[in-house]
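Chemist: Provided herewith is a single structure, encoded as structure tokens, for subsequent inquiry.
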Amino acid sequence: QQTIESVKETRDAFTPGPPDADKPGVPGYWLILRGEDMLTRDNDGQPDLPCGALPVMASWKLPPVHVGTWLGQPLRAARLAADAPIPPGFAASHAGYRRSPLSDRLLTLAGLARQVLHWRSRSRVCSACGGVPAPVAGTFGVRCTCCGREFFPRIHPAIIVLVRRGEEFLLVRKAQWPAGQYGLVAGFVEFAESLEECVAREVKEETGVSVANARYLCSQNWPYPSQIMAGFEAEYVSGDIRVEPTELEHAAWFAPDRLPPALSPPGSTARFLIDKYGLGL
């Protein structure tokens, strides 16, 4: 995941580049996904990217695609089936943002691979005529060889919001999150809706609370699999908490001296908003 703190550090070592910029046969670094994991090799006791010629794998679910350069060498992403055996010399490191042994740098790169391969897997057939797309030179886009329509990677906007009520702020919990962990209201932007309108709607739908004065604070690439998350702060207006059970397990008002057992993990937009605008850290 592209954490707020790690973006610049990663960009210093990474240069993006389209697939046609690759030079086949040149050794480089590999982003190999397998389900929610990324295959790594040991480097002095720490997981690191495989480097060298194309690794020998039983089968690719998605074949390798060039995504840029890492530390001056080609960087390629590929995906194995989730149940594919782990080749000798590799380890499977979980690449999810809620718990991972990977550094912020490697999580950022795993997120890049996830986004690129998600787009590649969904652009193999023209959605207009069923034809076969071919790459558009210099981009990650494709052009249908039958009807000529062009398609480019789609990024889906979502919001996440810290709702304030005096010194308190609203935290929510989904049932599938780790035990005791709370985060913030979030959701996807709908047709004909501004980001600010999305903030008010999502908070109302999930918690029954009305808010106003939504203020944009930050954004974060969120490759699960193709979102960008816009972070907001909003003010409580009215309403008692009434949780929407299909979305949330629990919601409550918290204060800096009265917090839940666990908060969203460091590096996430939710934690950045909670720390900076909720706790004032």
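The values are calculated or read from the model by the stated rules, or taken from the named source; none is laboratory data. Predicted, not measured: the structure shown is a model, and the values here were computed from it. Cβ coordinates were reconstructed from backbone atoms using ideal geometry, including for glycine residues, and neighbour counts include every protein chain displayed. Protein only, heavy atoms only, side chains kept; ligands, DNA and RNA dropped before computing areas. Shrake-Rupley method; radii C 1.70, N 1.55, O 1.52, S 1.80 Å.
Chemist: Consider Glu202 against the criteria (1) open to solvent by less than 60 Å² (accessible area, probe 1.4 Å); (2) more than 30 Å from Ala110 (Cβ to Cβ); (3) charged (D, E, K, R); (4) in contact with a Gly (Cβ under 9 Å, 6 or more places away or on another chain): it satisfies all of them except one. Which criterion is unmet?
Modeler: So the condition that Glu202 fails would be (2).
Chemist: Any idea which residue in the stretch 206-242 is least open to solvent (accessible area, probe 1.4 Å), counting only those that are within 30 Å of Thr108 (Cβ to Cβ) and of a type in the set (Ser, Thr, Tyr)?
Modeler: Of the residues in the stretch 206-242, the ones within 30 Å of Thr108 (Cβ to Cβ) are 206, 214-234.
Then keep just the ones that are of a type in the set (Ser, Thr, Tyr); that gives 216, 219, 224, 226.
On the way: Tyr216: 117, Ser219: 56, Tyr224: 61, Ser226: 8 Å².
Per the stated criteria, the residue is Ser226.
Chemist: Which one of these is open to solvent by less than 40 Å² (accessible area, probe 1.4 Å), in contact with a Gly (Cβ under 8 Å, 6 or more places away or on another chain) and modelled with pLDDT under 95: Trp177, Trp119? Lay out the reasoning, then the answer.
Modeler: Numbers: Trp119 fails: in contact with a Gly (Cβ under 8 Å, 6 or more places away or on another chain).
From the options Trp177, Trp119, the qualifying one is Trp177.
Residue-wise test of (1) farther than 14 Å from Phe169 by Cα; (2) in a strand (DSSP E or B); (3) charged (D, E, K, R).
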| site | (1), (2), (3) |
| --- | --- |
| Arg215 | yes, yes, yes |
| Cys218 | yes, yes, no |
| Glu233 | no, yes, yes |
| Asp240 | no, no, yes |
| Leu281 | yes, no, no |
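Chemist: Quick check on the stretch 181-192: of everything there that is out of contact with any Lys or Arg (no Cβ under 7 Å at 6 or more places or on another chain) and open to solvent by 20 Å² or more (accessible area, probe 1.4 Å), which residue is nearest to Phe272 (Cα to Cα)?
Modeler: Filtering first and then ranking leaves Ala186.
Chemist: Additional query: Of all residues being of a type in the set (Gly, Ala, Ser) and assigned to a loop (DSSP other than H, G, I, E, B) in the stretch 49-62, which is surrounded by the most Cβ atoms within 10 Å (Cβ to Cβ)? Just the residue, please. Spell out the reasoning first.
Modeler: From the stretch 49-62, those of a type in the set (Gly, Ala, Ser) are 52-53, 58-59; that's our starting set.
Going one step further and asking which of them are assigned to a loop (DSSP other than H, G, I, E, B), we end up with 53, 58-59.
On the way: Ala53: 11, Ala58: 9, Ser59: 8.
If we take residues in the stretch 49-62 being of a type in the set (Gly, Ala, Ser) and assigned to a loop (DSSP other than H, G, I, E, B), then Ala53 is surrounded by the most Cβ atoms within 10 Å (Cβ to Cβ).
Chemist: Please enumerate the residues belonging to the stretch 243-278 that are small (Gly, Ala, Ser) and either under 25 Å from Pro101 (Cβ atoms) or exposed (fewer than 13 other Cβ atoms within 10 Å of the Cβ) (or both). Outline the logic, then answer.
Modeler: Start the filter on the stretch 243-278 by keeping residues that are small (Gly, Ala, Ser), which leaves 251-252, 255, 262, 264, 267-268, 270, 278.
If the condition is that a residue be small (Gly, Ala, Ser) and either under 25 Å from Pro101 (Cβ atoms) or exposed (fewer than 13 other Cβ atoms within 10 Å of the Cβ) (or both), then Ala262, Ser264, Gly267, Ser268, Ala270 are the ones that fit.
Chemist: Within the stretch 63-77, can you find the residues that are without any contact (Cβ under 8 Å) to a residue 60 or more places away in the chain and either in contact with a strand residue (DSSP E or B) (Cβ under 7 Å, 6 or more places away or on another chain) or surrounded by 18 or more Cβ atoms within 10 Å (Cβ to Cβ) (or both)?
Modeler: Here is the first cut: in the stretch 63-77, the residues without any contact (Cβ under 8 Å) to a residue 60 or more places away in the chain are 63-74, 76-77.
Within the stretch 63-77, Pro63, Pro64, Val65, His66, Val67, Gly68, Thr69, Trp70, Gln73, Pro74, Arg76, Ala77 meet the criteria.
Chemist: Let me confirm something: among Ala230, Ala252, which residue is under 30 Å from Arg114 (Cα atoms), touching a residue at least 12 places away in the same chain (Cβ under 8 Å) and among the aliphatic types (A, V, I, L, M)? Break it down into steps so the answer makes sense when it comes.
Modeler: Numbers: Ala252 fails: under 30 Å from Arg114 (Cα atoms).
That would be Ala230, the only listed residue that is under 30 Å from Arg114 (Cα atoms), touching a residue at least 12 places away in the same chain (Cβ under 8 Å) and among the aliphatic types (A, V, I, L, M).
Chemist: Sticking with this one: In the stretch 48-62, is there at least one residue being under 29 Å from Arg149 (Cβ atoms) and touching a residue at least 40 places away in the same chain (Cβ under 8 Å)? Reasoning before the result, please.
Modeler: From the stretch 48-62, those under 29 Å from Arg149 (Cβ atoms) are 60-62; that's our starting set.
After this cut, where a residue has to be touching a residue at least 40 places away in the same chain (Cβ under 8 Å) as well, the list is 62.
Yes.
Chemist: Taking the stretch 248-273, which residues are under 21 Å from Ala179 (Cβ atoms) and of a type in the set (Ser, Thr, Tyr)?
Modeler: Ser264, Ser268
Chemist: Identify the single condition in (1) farther than 25 Å from Val142 by Cα; (2) open to solvent by 50 Å² or more (accessible area, probe 1.4 Å); (3) among the aromatic types (Phe, Trp, Tyr) that Phe90 does not satisfy, given that it satisfies every other one.
Modeler: Of everything listed in (1) farther than 25 Å from Val142 by Cα; (2) open to solvent by 50 Å² or more (accessible area, probe 1.4 Å); (3) among the aromatic types (Phe, Trp, Tyr), Phe90 misses just condition (2).
Chemist: Out of the residues in the stretch 21-48 that are within 19 Å of the chain's Cα centre (by Cα) and of a type in the set (A, V, I, L, M), which is surrounded by the fewest Cβ atoms within 10 Å (Cβ to Cβ)?
Modeler: Leu33
Chemist: For the stretch 138-180, give me the residue count where each residue is assigned to a strand (DSSP E or B) and either of a type in the set (Gly, Ala, Ser) or closer than 14 Å to Tyr277 by Cβ (or both). Working first, answer last.
Modeler: Initially, the stretch 138-180 is screened for residues assigned to a strand (DSSP E or B), giving 142-144, 150-151, 156-165, 168-173.
Those left that are additionally either of a type in the set (Gly, Ala, Ser) or closer than 14 Å to Tyr277 by Cβ (or both): 158, 160-165, 168-171.
Number of matching residues: 11.
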